[in-house]
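What follows is one structure encoded as structure tokens, with my remarks underneath.
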Amino acid sequence: MKNLKVCITFSVLVLVVLLLSSATASADTMTVTLVSTGGQISGSSPEVYVFPYNFSFDGSLATTPLMCISYENEIYFGETWEATMIPVSGNELYVEAAYIEAEAAAPGASANTMAVAQWANWELFDPNDPKLAANLPAGYQPQIDSLLATASSFAANNIYTTDYPNIDIFIPIDGTQPAGDGTPQIFVGDPAGDETPEPGSLILLGSGLLGLAGFIYFKRRSIGRE
């Protein structure tokens, strides 16, 4: 009986820790710092950086690539601000943005794919910006139109998609950027990567531990009757 109590107590403690960890991981704000870009420049006058924009989250030394989805406003290397993270599921426009970003972030994506996806998301969120139209590289528009059409069709039929559970929209919180830097741009991407378990997976793991404790208990009782 003592072993059973220890096993159940351990399982309950593990479940509580997992649930607390999932609650912490699901925070809806994050401090972001622009560290670098992928180095690819696109456009005519002025030339602009395109995906990836490499960010540090909450002071981490590791960097994570995000895609800019607002053409206007400017950001600077080393600039830090706070952003609200909004899941893409349930918002058709955000699902489109996630679809496009996923194309650029796919393993083996070419420089052309990344650049076209970047301009496509800019056009999606700033469709009437005359500066964007003037700076768009020659020959990109047919590729952009094709990507936007595919993304729109996907989003219309999958507005509550589970294909992008870790991709969020990063909207800057007004007043958190350095004085005089203006309003940061909006970004889309995966802040955690695939290594962070979803809350549902954590609960299943904890339930499994409790189930294991129950199995041990009944197994011991069975042995005692033999």
Fully extended contour minus Cα-Cα distance, from A109 to L93, at 0.36 nm per residue:
3.5 nm
Below 8 Å, C-alpha to C-alpha, sequence gap of six or more: please give me the relative contact order for the range 30-195 in percent.
31 percent
For a label point 7 angstrom out from the Cα of D58 toward its Cβ, which stretches of the range 147-174 have the backbone nitrogen within less than 20 Å?
165-174
At q = 0.15, 0.16, 0.20 Å⁻¹, the log10 of I(q)/I(0) for the range 30-195 from a Debye sum over equal Cα scatterers comes to -0.80, -0.91, -1.44
Just flag the chymotrypsin sites (Phe, Trp or Tyr not before Pro) in the range 139-168 sitting in loop per DSSP whose Cβ has no more than 16 other Cβ atoms within 10 Å.
Y160
Please report how far the C-alpha centroid of the range 128-190 lies from that of the range 65-118, rounded to the nearest whole angstrom.
5 Å
Label zone at D181 (point 7 Å along Cα-to-Cβ), backbone N below 17 Å, the range 70-108
70, 72-85
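Quick note: the coordinates plus some simple rules give every number you see, no bench work behind them. All figures in this text were calculated on a predicted structure; none of them were measured in a lab. Because the Cβ atoms are built from the backbone with ideal geometry, glycine has one as well, and the counts that use them run over all protein chains shown.
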